[in-house]
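Below: the structure, in structure tokens.
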Amino acid sequence: MPEDDLYYLSPATAVEPLVHRWVAWSHIIAPIPACLHLKNYQVELLRSYLEDPKVHWEACRDRELRSGPFVEVDPGRAAEVEALLEEIERDRSFELETARDLFEFHTFLVGEARGQCLEPYYSRVPETLRGYVELVYDYYNRPTVRLFEGMTYKGPWFDSGRQSLRLGSQMRDNSRSFFMNTPRLVDSDHLDVQMPFSAPALDELFRLDQAPQPLSTIRELLSVDDSQIGLLLNLLVRDAPPPPEPWRGREVRIRYIGHACALIEWQGVSMLTDACVGCVPVEGASDRFTYRDLPSHIDFGLVTHNHQDHFWPETLLRLRHRIGTLVVPRSGIFYGDMSLRWVARSMGFANVMELEPFETIPLPDGEIIGIPFMGEHADLAHGKIAYVIRAGHQRMIFGADSDCLEPRVYENVRDSIGSIDTVFLGMECVGAPLTWDCGPFLPIKVEHEHDQTRRYKGSDSRRALEICEAVKAQRIYLYALGLEPWYEHILGLAYNEDSMQLTESRKLLGAAAQRNLEARLMFNKCELLLDASTDRIARVAGGSPKAASPAMSAVFDDGGDEFTFD
């Protein structure tokens, strides 16, 4: 084929960023959390797999287990897993030592320091951490180890040489193994490219979503030799996407991309919440907005909190060249509450802004307002923020997985900024237990009862209605449920029609109808137009619940016409 022929990146091509063969997310990008996750999760998981590969493989055939502590690698490839483990233990011994030292020293400090001066303890800080930490008390004389987090990215733990890209054609929406528990081994179906996440060349690759390049340029960009040309061509297409037209209507346009990702366009400004966009598989595709449908420039990328489905490097890196400013919450002082600003900067984002509750970003005849994000993090201190977007007369909350632990918080929000017409809220009212996400950061074994009762959960139907009542909302849109199949490898959810999340969704839809509160469940490809001159809605279109799974159909069919899309 001619080397000067022009090609785009195929909409079916998934580009997974990897750190030492594991799918990249904040916990393995931030240096010290990465050490803890490596030692206390990845290494332990690989050892467990090697004890009985068949058990792991068969467990992953069960959708309800595939997001658990099981490695989805065919037992016939166990030798490759063993080689990966040996490589980790050999080449990353300093990181493993750091993780051990941090836990041992932190435990020692908690046992020894009872309010006396902490200065003598600096001489006891392990060599692996010396010069990177501050020792502090809380107001009850409980000590902790505080990181100089930005400095750790300059330390011996952060090695961008371990970062790479894995390009492959996505056959079906849920064809990828769960992101956290399964390393991506080298195979003949994927193109592996060594490339630091901060490399400018990565932007050139992802411009291929909307602008073509000659095949020769793409080959040079990805260092593809003649033996790989066939694989590369499987990842490219010749057909040009229609250019995305900027929204110039008088209304506020909201395009639901999926899960907690929504594109809000108003007065020439575009905002994308919790960027997590799916590819279009060559098999089993449902209707959706894709990377090709997003604007060539996105003014603000808004991140609510540090969970993989809300801060997803795969999408953020693919959109980095389009995002003007990435807005993230401010983090706390605990080593597990990593700074998304530092993570994003390490990924090559030049403009990253931290926002706190009641700080604002001005818009033409509007503003972005940070508001408190309650609950959802198993009672651990965690950087998180929800957003109110005011566009003309319209005020919209994008609350993600907020839980209404205290209704007066939302009453205070209303008293401060006025009533809020539209609420976007998740209904993940079950949530994973405490140790599922942050277990590697906890030095002491968690009691089973505490693990099960402290969960990463959001609102149920009652608490969602309390939020609506507190802010005087006219409508609520349920989103961030992970219902679309292209999120299964990220979330690992396995809904059925009796799942609590869907049961609570039905309850909310029914209760809302009785209260004259408009309520809809977002799914697949939806578009809303809000009248910016009033607080009314102009139009809602899209969604195809009847073509969804039986569990989805149960949600939409249960209550009648009020619960279906126009």
Q: Would you mind checking the pairs K384/K457; K39/K154; K472/K525 and listing those with alpha carbons more than 19 angstrom apart?
A: K39/K154; K472/K525
Q) What list of ³J(HN,Hα) couplings, whole Hz, do you get for segment 364-381 from phi and the Karplus terms 6.51, -1.76, 1.60, once you set θ to phi - 60° and write x for glycine and proline? A) x, 6, x, 6, 9, 10, x, 10, x, 10, 8, x, 6, 10, 6, 6, 8, 4
Q: Note down the Stokes-Einstein diffusion coefficient of segment 165-265 in µm²/s, whole number, using a Kirkwood radius over alpha carbon pairs, 10 °C, and 1.306 mPa s.
A: 95 µm²/s
Q. Under a 5 Å amide H to amide H cut-off, with H placed in plane at 1.01 Å, what residues pair with E354 once short-range neighbours are removed?
A. V328
Q. Taking the simple approach of a point 7 Å from Cα along Cα-to-Cβ for both E220 and L233, what is their distance in nm?
A. 2.1 nm
(Q) If N is the number of residues in segment 74-230, what value comes out of its Cα radius of gyration divided by 2.2 N^0.38 Å? (A) 1.50
Q: Could you go through segment 133-145 in sequence order and give the Karplus-derived ³J(HN,Hα) for each residue, using 6.51 cos²θ - 1.76 cosθ + 1.60 with θ = phi - 60°, rounded to whole Hz, and x for Gly and Pro?
A: 9, 10, 9, 9, 9, 8, 6, 10, 6, 9, x, 8, 9
Q.
List the residues, sorted by chain then number, that are 5 or more residues from A386 or on another chain and whose placed amide H is less than 5 Å from its amide H.
A. I371, F373
Q: Starting with the highest mean, order 39-46, 307-314 by the number of other Cβ atoms within 10 Å, averaged over the residues of each peptide.
A: 307-314, 39-46
Q. Ranked by accessible surface with a 1.4 Å probe, highest first, in what order do V282, V19 come?
A. V282, V19
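Mind checking the full-extension length gain between N351 and S419? Use 0.36 nm per residue of separation minus the Cα-Cα distance, one decimal, nm.
21.3 nm is the gain from fully extending N351 to S419.
Efficiency by 1/(1 + (r/R0)^6): what FRET value for S48 and M171, r their Cβ-Cβ distance, R0 = 25 Å, to the nearest 0.05? Don't jump to the answer; show the numbers that get you there.
Working: r = 28 Å, r/R0 = 1.13.
With a Förster radius of 25 Å, E is 0.35.
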Q) Restricting to the chain, what percent of DSSP beta bridges are antiparallel, rounded to 5? A) 75 percent
Q: Give the calculated FRET efficiency between N516 and A381 to the nearest 0.05, with a Förster radius of 30 Å applied to their Cβ-Cβ distance.
A: 0.20
Q: Pop the C-beta distance of D91 and S533 into the FRET formula with R0 = 56 Å and round what comes out to the nearest 0.05.
A: 0.35
Q: Determine the calculated [θ] at 222 nm for the chain from helices alone, applying -39500 (n - 2.57) to every DSSP H run no shorter than 4 residues and normalising by the residue count; nearest 500 deg cm²/dmol.
A: -7500 deg cm²/dmol
Q) Rank M374, M427 by accessible area, highest first, at a 1.4 Å probe radius? A) M374, M427
Q) In the calculated pair distance distribution of segment 117-166, what percentage of Cα-Cα distances lie above 15 Å? A) 56 percent
Q | Rh (Kirkwood; distinct C-alpha pairs) - the chain, Å | A | 24.7 Å
Q. Projected area of segment 293-436, taken from the Cα convex hull and averaged over every viewing direction, in nm²?
A. 9.5 nm²
Q. Once Rh is set to the Kirkwood radius over Cα pairs, what Stokes-Einstein translational diffusion coefficient, in µm²/s, holds for segment 1-159 at a temperature of 20 °C and a viscosity of 1.002 mPa s?
A. 114 µm²/s
Q. How much net charge surrounds T144 when only other residues with a Cβ under 10 Å from its Cβ are counted (Lys, Arg +1; Asp, Glu -1)?
A. 0
Q. At what distance in nm do the modelled label points of T360 and Y139 sit from each other, each positioned 7 Å from its Cα along Cα→Cβ?
A. 3.0 nm
Q) Semi-axes, largest first, in whole Å: what does sqrt of 5 times each Cα gyration tensor eigenvalue give for segment 68-125? A) 39, 14, 5
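Give me the Kirkwood hydrodynamic radius of segment 352-470, using the inverse of the mean 1/r over all pairs of distinct Cα atoms, in Å to one decimal.
Numbers: mean 1/r = 0.0652 Å⁻¹.
Answer for segment 352-470: a Kirkwood hydrodynamic radius of 15.3 Å.
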Q | Other-chain or far-sequence residues with amide H under 5 Å of T325's (modelled H) | A | F300, G301
Q) How much net charge surrounds D225 when only the other residues with a Cβ under 14 Å from the Cβ of D225 are counted, with Lys and Arg +1 and Asp and Glu -1? A) -3
Q | Whole-percent pair-distance distribution, where bins are 5 Å wide, for the alpha carbons of segment 383-428 | A | 6, 19, 30, 30, 11, 4, 0
Q) Any idea of the accessible area per residue across segment 258-391, 1.4 Å probe, to the nearest Å²? A) 27 Å²
Q: Determine the equivalent ellipsoid of segment 294-360 by diagonalising the alpha-carbon gyration tensor, then write out the semi-axes as square roots of 5 times the eigenvalues, largest first, rounded to whole Å.
A: 20, 14, 10
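The values are calculated or read from the model by the stated rules, or taken from the named source; none is laboratory data. Just so we're clear, the structure is a prediction, and the values are computed from it rather than from any experiment. Note that each Cβ is placed from the backbone with ideal geometry, even for glycine, and that neighbours are counted across all protein chains shown. Side chains included, ligands, DNA and RNA excluded: accessible areas come from the protein's heavy atoms. Shrake-Rupley method; radii C 1.70, N 1.55, O 1.52, S 1.80 Å.
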